[in-house]
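Trainee: Below are the structure tokens for one structure; questions will follow.
Since every read-out is calculated from the coordinates, none of them should be taken as a lab result. Model, not experiment: these values are computed from the prediction. So basically every Cβ, Gly included, is an ideal-geometry build from the backbone, and we count neighbours across all protein chains shown.
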Amino acid sequence: MRQKKIELPREIHTGPGVIKKVGDICKNLRFKGKATIVTGPKTIKIAGKKVAESLKDKNFDVNIIKVKKATKDVVEKVKNKLEGTSIALGVGGGKVIDVVKMASKYANVHFISVPTAATHDGIASPRASIKNDKGSVSLPAHAPIAVIADTDIIRKAPYRFLAAGCGDVISNYTAVLDWKLAHRLLYERYSESSAALSLMSAKMVIKSADSIKKGLEESARIVVKALISSGIAMSIAGSSRPASGSEHKFSHALDIVAPKPALHGEQCGVGTIMMMYLHGKDWKFIRDTLKKINAPTNAYELGIDPEYIIEALTMAHKIRKERYTILGDRGLTRAAAKRLAEVTGVI
């Protein structure tokens, strides 16, 4: 039988004010000595300093690194600064956490994910999205040894971030459909348990769509739980398959062609509407759910010119060619892409 390793977070801490417990959590996990915080210019004020204070209270020697981008060069610089570090902590949004994932992997250091916003399921997954000359590439990394998500901090982040996180989780619907298709046509390895957890995460958000509102701690808690579950589904699968399919290809294509792309989760949500249509499923249900959450459902709300939507649709199949989806090997013609976007109301 084929051997398989599943890497999951050892501990998950969520709730209002939990960021004050970072020092205790690190100490209980038997870390000591030097702790390196990787954060952003804005998130250092929002949460980075609080994490530093908590660690210092428990006698950690704290080093802080500020990053702005998730690129290969930045990952290398952070890796070089992790020498002698007992634990690395990614305090911030997706870019910060992705940088820490890769840098800690290369430096052979455990890391803790401390998200300040619930924008996508990377907060607990063993994958990192790093930019290169051709756009973003999804790379294998390690799952965080712990996730510390302070829902009081997350609820205070711009609501747009939370809505984007909802879009990213809801996109699991088409990701799983694409995965099943690849399994049937190409006999790609498929995990029933991983797919079930992925869909459960999406249903968790959809079931609560009416109650996900701006500034509510409960809303932040619901979305964080769904994002973490989605990340764990990827750990079980050993890839991002259960949470990344044709809708993610569309989003990555938009990142390349659009002068000013929207948030990743926002684009994935809109992509899910169109890919559900291609699969012959209830795309209107996805659209209406996103509307309830006040997430974008069309090009206008994304702030992207319709021409770039069409262009992204026609080239999306070229993104991650090894990953088979409903877009097939040849993709959509311009006429088919235009009709798809028009029929679903995206343009």
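Trainee: When the Kirkwood radius is taken over all Cα pairs of the stretch 162-293, what Stokes-Einstein diffusion coefficient follows at 20 °C and 1.002 mPa s, in µm²/s?
Mentor: Numbers: Rh = 14.7 Å.
Rounded to a whole number, D works out at 146 µm²/s.
Trainee: Related question: Would you kindly state how much longer the chain becomes between LYS45 and LYS203 on full extension, computed as 0.36 nm times their sequence separation minus their alpha carbon distance, in nm to one decimal?
Mentor: Details: separation 158, 0.36 × 158 = 56.88 nm, distance 3.41 nm.
The span from LYS45 to LYS203 would gain 53.5 nm if fully extended.
Trainee: With the contact rule set at Cα under 8 Å and sequence spacing of 6 or more, what percent relative contact order holds for the stretch 11-156? Don't skip to the end; give the middle numbers.
Mentor: Numbers: 333 pairs, mean separation 41.1, N = 146.
Relative contact order here is 28 percent.
Trainee: Given N residues in the stretch 11-156, what is Rg(Cα) / (2.2 N^0.38 Å)?
Mentor: Working: Rg = 13.7 Å, N = 146, 2.2 N^0.38 = 14.6 Å.
Normalised by 2.2 N^0.38 Å, the Cα Rg of the stretch 11-156 equals 0.93.
Trainee: Can you tell me the convex hull volume per residue for the chain, based on C-alpha atoms, in Å³ to the nearest whole number?
Mentor: Details: hull volume 42.0 nm³, N = 347.
Dividing the Cα hull volume of the chain by its residues yields 121 Å³.
Trainee: Might you report the magnitude of the Cβ-based charge dipole of the chain about its Cα centre, with Lys and Arg at +1 and Asp and Glu at -1, to the nearest 20 debye?
Mentor: The dipole magnitude comes to about 660 debye.
Trainee: Distance cut-off 19 Å, Cα to Cα: go down the list LYS105/LYS249; LYS95/LYS291; LYS68/LYS95; LYS77/LYS101 and report the pairs above it. Provide the component values of the computation, followed by the final result.
Mentor: Numbers: LYS105/LYS249 26 Å; LYS95/LYS291 26 Å; LYS68/LYS95 8 Å; LYS77/LYS101 13 Å.
Pairs exceeding 19 Å: LYS105/LYS249; LYS95/LYS291.
Trainee: Continuing with this model, one more query. Within the stretch 275-337, report the trypsin sites (Lys or Arg not before Pro) that DSSP leaves as loop and that have at most 12 other Cβ atoms within 10 Å. Before the final figure, lay out each step's value.
Mentor: Working: sites: LYS281, LYS284, ARG287, LYS291, LYS292, LYS318, ARG320, LYS321, ARG323, ARG330, ARG334; in loops: LYS281, ARG320, LYS321, ARG323, ARG330.
Passing both the DSSP loop test and the Cβ count: LYS321, ARG330.
Trainee: Which value at 222 nm does the chain reach when only helices count, each DSSP H run of 4 or more adding -39,500 (n - 2.57), with the total divided by all residues and rounded to the nearest 500 deg cm²/dmol?
Mentor: Working: 15 runs with 171 residues, N = 347.
The helix-only estimate for the chain comes to -15000 deg cm²/dmol at 222 nm.
Trainee: Looking at the stretch 288-347, which GluC sites (Glu not before Pro) are DSSP coil and have at most 11 other C-beta atoms within 10 Å of their C-beta? It would help to have the intermediate numbers written out before the result.
Mentor: On the way: sites: GLU301, GLU307, GLU311, GLU322, GLU342; in loops: GLU322.
The qualifying sites are GLU322.
Trainee: Moving on to the next point. Suppose a student asked you for the relative contact order of the chain, using Cα pairs under 8 Å spaced at least 6 residues apart; what percent would you report?
Mentor: Relative contact order here is 16 percent.
Trainee: Taking the Cα centre of the stretch 160-343 as the origin and placing charges on Cβ (Lys, Arg +1; Asp, Glu -1), which of LEU177, ILE222, ALA258 is farthest toward the positive end of the dipole?
Mentor: Of the options given, the answer is LEU177.
Trainee: So how long is each side of the stretch 66-106 along the principal axes, counting just the alpha-carbon atoms, biggest first, in Å?
Mentor: Its Cα atoms span 24, 19, 16 Å along the three principal axes.
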